[in-house]
Amino acid sequence: MTVHLRVIGWLCVMVFMAACSQLPRGAAVDKEILKTSSDVEADFAIYPVTRAFLPSIASWPKVGDEQYNWIGSTKGYSSQVISPGDTLNIRIWDSGENSLLTGPGSPVADLTEVRVTGAGTVFIPYVGKINVAGRTPDSARSAIQNSLEAVVPSAQVQVSMAEGRMNSVDLVGGVRAPGSFPMPDQNFSVLSLIAAGGGVDGSLKNPQIRLMRGGKMYGTSIDRLYENPGHDTRLRGGDKVIVEADERYFVSMGAAGTQSLYPFTKDEISATDAVAILGGVNAARANPKGILILREYPASAVRPGVRGPRQPRVVFTLDLTNADGLFSARNFNINSGDVVLVTESPINGARTVLSLVGSVFGVFNTANNAAN
């Protein structure tokens with residue numbers, strides 16, 4: 001877990017500059033930032049979070065976490081389908097007296113552990129190679145029997161299969177019993193695989209699902225799979241499914257309930273959720289008009305106007321003392337790596353600088369411990 005040290009370092013500089021000039025009074029921290037952001041050479045921008053602003057930020061890029069696509073569910077065969085690498089057990093009955101396949105006193109010929117070649121074929125005596133890949137076991141049985149009719153008209157065939165690598169999937173970590181699992185049919189889904197592995201480990205925070213297929217990575221969360229059956233994608237042979245904890249986080253500082261790193265507990269965390277997660281704001285110290293969210297965007301995201309910020313470094317301001325601010329905070333999503341800074345009220349101005357500096361070093365130590 002990596003904290004955006006550049007953002008924290010930037011915050012330290014601002015705090016010490018404020019301390020050298022004068023102690024902040026009440027919402028002085030956010031006023032100082034606002035004043036600085038209006039300077040010609042300011043390298044950050046400030047945006048109040050209001051109902052009018054929300055449509056603009058909705059088109060801005062997300063930062064702090066990798067974005068994954070997911071594959072919707074589809075229907076497949078309700079039975080097994082033979083793939084290269086599978087093993088077939090073929091039993092042939094022939095009641096003829098001079099059978100080419102069976103011996104005296106035994107009407108049955110067993111061809112055991114016949115491996116399907118990379119070309120998808122199996123070899124049958126007196127017939128040659130028969131293509132069975134992509135067929136169900138019953139369809140393969142019919143193909144083999146039809147091929148035998150020319151040399152053994154009375155033959156009857158039975159086929160069973162043992163799944164090979166291309167008819168198995170791997171479940172890696174995050175469950176009670178990870179391992180490689182054969183696919184019982186072509187409708188074997190991600191949730192079916194997780195159930196076969198004993199279910200998700202209850203200690204994981206907001207479990208995330210990663211599907212590796214054909215050199216590509218797809219991702220979603222277990223909650224989305226539970227809530228939407230259309231996301232329970234059908235697996236293919238050779239797929240790898242990884243279950244892991246959500247690695248996203250945000251940082252709290254200032255007059256918050258605590259100063260620390262907080263993992264995401266669900267797929268989307270609003271500003272209101274973040275304030276609740278960090279224990280609310282200290283009624284005796286916090287300024288509800290001075291809650292700041294610090295975020296850093298890549299240079300490629302800078303697009304002055306409605307499609308991007310004016311500067312890579314951005315400060316969003318929240319005012320929780322009016323209805324517009326409260327409702328807007330509920331609809332403003334926190335990104336991974338954001339710093340939630342709660343400024344102090346006028347009565348404890350001197351303590352503001354000290355607590356913020358202490359928070360910086362506290363979060364720095366917490367980040368180092370988390371990384372080790």
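The values are calculated or read from the model by the stated rules, or taken from the named source; none is laboratory data. None of the values given here were measured: they were computed from a predicted structure. Reconstructed Cβ throughout: ideal geometry from the backbone, glycine too, with neighbour counts over all protein chains shown. Note: areas computed on protein heavy atoms with side chains; ligands, DNA, RNA excluded. Shrake-Rupley method; radii C 1.70, N 1.55, O 1.52, S 1.80 Å.
When segment 184-219 is examined, which residues are found to be more than 15 Å from residue 73 (Cβ to Cβ), open to solvent by 30 Å² or more (accessible area, probe 1.4 Å) and among the polar types (S, T, N, Q)?
203 - this is the single residue of segment 184-219 that is more than 15 Å from residue 73 (Cβ to Cβ), open to solvent by 30 Å² or more (accessible area, probe 1.4 Å) and among the polar types (S, T, N, Q).
Taking segment 114-148 as the region of interest, how many residues are more than 13 Å from residue 87 (Cβ to Cβ), in a strand (DSSP E or B) and either out of contact with any strand residue (DSSP E or B) (no Cβ under 9 Å at 6 or more places or on another chain) or not aromatic (Phe, Trp, Tyr) (or both)?
6
Tell me, which residue of segment 114-126 that is over 20 Å from residue 185 (Cα atoms) and either under 50 Å from the mean Cα position of the chain (by Cα) or touching a residue at least 60 places away in the same chain (Cβ under 8 Å) (or both) is surrounded by the most Cβ atoms within 10 Å (Cβ to Cβ)?
The qualifying residue surrounded by the most Cβ atoms within 10 Å (Cβ to Cβ) is 122.
Which count do you get for residues in segment 225-253 that are assigned to a loop (DSSP other than H, G, I, E, B) and more than 10 Å from residue 190 (Cβ to Cβ)?
Summing the residues that are assigned to a loop (DSSP other than H, G, I, E, B) and more than 10 Å from residue 190 (Cβ to Cβ) in segment 225-253 gives 8.
Which of the residues spanning segment 326-343 are assigned to a loop (DSSP other than H, G, I, E, B) and within 14 Å of residue 58 (Cα to Cα)?
331, 332, 334, 335
Tell me, which residue of segment 33-47 that is farther than 12 Å from residue 317 by Cβ and surrounded by 14 or more Cβ atoms within 10 Å (Cβ to Cβ) is modelled with the highest pLDDT?
Out of the qualifying residues, it is 44.
Quick one: which of 88, 111 is open to solvent by less than 90 Å² (accessible area, probe 1.4 Å), free of Cβ contacts under 8 Å to residues at least 24 places away in the same chain, among the hydrophobic types (A, V, I, L, M, F, W, C) and part of a strand (DSSP E or B)?
111
Could you run through segment 48-66 and say how many residues are closer than 15 Å to residue 303 by Cα, over 21 Å from the mean Cα position of the chain (by Cα) and buried (at least 17 other Cβ atoms within 10 Å of the Cβ)?
Residues in segment 48-66 being closer than 15 Å to residue 303 by Cα, over 21 Å from the mean Cα position of the chain (by Cα) and buried (at least 17 other Cβ atoms within 10 Å of the Cβ): 1 in total.
Against the condition surrounded by 14 or more Cβ atoms within 10 Å (Cβ to Cβ), of a type in the set (Ser, Thr, Tyr) and in a loop (DSSP other than H, G, I, E, B), how does residue 78 come out, does it pass?
No, not satisfied.
Take the residues of segment 254-271 that are over 18 Å from residue 49 (Cβ atoms) and outside any loop (DSSP other than H, G, I, E, B): which is most open to solvent (accessible area, probe 1.4 Å)?
Ranking the candidates gives 263 first.
To keep it simple, each residue is scored yes or no on (1) surrounded by 14 or more Cβ atoms within 10 Å (Cβ to Cβ); (2) free of Cβ contacts under 8 Å to residues at least 12 places away in the same chain; (3) over 14 Å from residue 275 (Cβ atoms); (4) aromatic (Phe, Trp, Tyr).
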site	(1), (2), (3), (4)
302	yes, yes, yes, no
310	yes, no, yes, no
316	yes, no, no, yes
323	no, yes, yes, no
326	yes, no, no, no
330	no, no, no, no
333	yes, no, no, no
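Spot the failing condition for residue 174; the list is (1) surrounded by fewer than 19 Cβ atoms within 10 Å (Cβ to Cβ); (2) at pLDDT below 95; (3) small (Gly, Ala, Ser), and only one is missed.
Among (1) surrounded by fewer than 19 Cβ atoms within 10 Å (Cβ to Cβ); (2) at pLDDT below 95; (3) small (Gly, Ala, Ser), the lone unmet condition for residue 174 is (1).
Does segment 220-228 contain any residue that is surrounded by 18 or more Cβ atoms within 10 Å (Cβ to Cβ) and either of a type in the set (Gly, Ala, Ser) or farther than 25 Å from residue 66 by Cβ (or both)?
yes
Please tell me if residue 144 is in contact (Cβ under 8 Å) with a residue 12 or more places away in the chain, buried (at least 20 other Cβ atoms within 10 Å of the Cβ) and out of contact with any Leu (no Cβ under 7 Å at 6 or more places or on another chain).
So residue 144 fits the description; yes.
Please work out which one of (1) within 30 Å of residue 102 (Cβ to Cβ); (2) buried (at least 17 other Cβ atoms within 10 Å of the Cβ); (3) without any contact (Cβ under 8 Å) to a residue 24 or more places away in the chain is the condition residue 157 fails and give its number.
Every listed condition holds for residue 157 apart from (3).
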